Amino acid sequence: MTTPHRVRLHHALALLLMASCGRAGLAKVIAVPADVPTIQGAVEAAQHGDEILVAAGTWRETIDLKGKTIVLRSAEGPQATMLDGRGLKGSVLRCTGGESAETRIEGFTVTGGSGDVDAHGPEATIGGGLLVLGSSPVIVDCVFRENRVLLHGGAAYCGMNANPSFLGCTFDSNAAEKGGAVFNIRSNPRFSSCTFVRNLADYGGGAVFNDRRCGPSFIACRFDANEALYNGGAIYDYESRGSLSGCSFARNTAAFKGGAVYSGYRSDTVMADCRFLTQTDDVAGRRGVTLSATMVHGACCIGGGCIVATRTDCENAGGAFSGEGTICETTVTSCPKTLHGDLNNDGSVDRVDMAVLMLLWK
């Protein structure tokens, strides 16, 4: 016999199931431009849980995700889908409304961003490609290329307790005064399997500048040919507690100290199993740096000859380390000749040497 209590229970469970199915059914895919002509228009129309699918092409607009828990995805990946901010004001992408880790941006090339003007004014723009304040979005398989700001974070600026995650992203040829690619302050961003290449800082942190109360983590990331015209060719830490695990550094340069990493005031960077592959990739700064780097052997040019040694042993002896895996054969490795005007000993005379010369004149 079915009791009234059991009937009521069954009825309640049925209503709960219907409500749950109803909520799941509300999520939808909004196609751009098929359903809505612009990406920002699609964001405005989207409800929490929706996905915005963007067709291939170049989209000339700036986009504010408005704090919504949505997925913004390209249909054909970053090679075919470009968010272009050239000639437009502000960051190309904004996550400043409390977006959570369920907010996801995937598969775009973000370029031409000139940065946000609200924080410090038009003469000190920040976050050219992406501005993240008090939010924790996930950014996947995106390319940030040729964004430039006047102050901090050429490609991305993370602040005000932001905790974004970057997965498999590339930061290429971005520029700023501090943090040519990324500037972090009072935030804890996470970078996994990301590549930082050819970014430039007019002051410090050619790729990344980690400022006050900041604890970023970098896992299996690659830093290649980034430059700073003062300290920290790849990374500059200032009053921060970052970590690097399984990362590699090659051809990064600083005009003064720390071609790979400069650990500044009250910073304690932990590095585990990292590789420093070329002679300019040194780690400098205060004693708080904890280094557990892979011992890399290669050709060491010293005293007009060549021996195989670790980078540390080579440089302690006053030699020039030629790179991981290089050997002492003229067909494979030739020791560089001394160049007149090569003040930072990277084998070329360029703008970094000019910056060193200007510092010496002061």
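The values are calculated or read from the model by the stated rules, or taken from the named source; none is laboratory data. No experiment lies behind these values; they were computed from the predicted model shown. For neighbour counting, all protein chains shown are included, and Cβ atoms are generated from backbone atoms with ideal geometry for every residue, glycine included.
Okay, here's what the table says:
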quantity: Filter pass, Ala27 being within 20 Å of Pro137 (Cβ to Cβ), at pLDDT below 95 and of a type in the set (A, V, I, L, M, F, W, C); calculated: yes
quantity: For Met271: the one exception among (1) modelled with pLDDT under 95; (2) farther than 21 Å from Glu315 by Cβ; calculated: (2)
quantity: All positions within region 52-98 that are within 20 Å of Ala155 (Cβ to Cβ), buried (at least 16 other Cβ atoms within 10 Å of the Cβ) and among the β-branched types (Val, Ile, Thr); calculated: Val54, Thr62, Ile63, Thr81, Val92, Thr96
quantity: In region 168-197, residue surrounded by the fewest Cβ atoms within 10 Å (Cβ to Cβ) [restricted to those that are without any contact (Cβ under 8 Å) to a residue 40 or more places away in the chain and over 22 Å from Gly246 (Cα atoms)]; calculated: Arg186
quantity: Any strands (runs of 3 or more DSSP E) falling wholly within region 188-280 and containing at least 2 residues that are in contact with a Lys or Arg (Cβ under 6 Å, 6 or more places away or on another chain); calculated: 200-204
quantity: Enumeration of residues in region 252-263 that are buried (at least 22 other Cβ atoms within 10 Å of the Cβ) and not β-branched (Val, Ile, Thr); calculated: Asn252, Ala254, Ala255, Gly258, Gly259, Ala260, Tyr262, Ser263
quantity: Region 212-251 - residue that is surrounded by 23 or more Cβ atoms within 10 Å (Cβ to Cβ) and among the polar types (S, T, N, Q) and, of those, modelled with the lowest pLDDT; calculated: Ser240
quantity: Failed item in (1) over 16 Å from Phe223 (Cβ atoms); (2) at pLDDT 90 or above, with Tyr265 passing the rest; calculated: (2)
quantity: Count of region 57-80 residues which are of a type outside the set (Lys, Arg) and outside any strand (DSSP E or B); calculated: 12
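Every residue, every condition in (1) in a loop (DSSP other than H, G, I, E, B); (2) surrounded by fewer than 18 Cβ atoms within 10 Å (Cβ to Cβ); (3) modelled with pLDDT under 95, yes or no:
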{"residue": "Ala119", "(1), (2), (3)": "yes, yes, yes"}
{"residue": "Glu123", "(1), (2), (3)": "yes, yes, yes"}
{"residue": "Val132", "(1), (2), (3)": "no, no, no"}
{"residue": "Ser135", "(1), (2), (3)": "yes, no, no"}
{"residue": "Ile139", "(1), (2), (3)": "no, no, no"}
{"residue": "Leu150", "(1), (2), (3)": "yes, no, no"}
{"residue": "Gly154", "(1), (2), (3)": "yes, no, no"}
{"residue": "Tyr157", "(1), (2), (3)": "no, no, no"}
{"residue": "Phe166", "(1), (2), (3)": "no, no, no"}
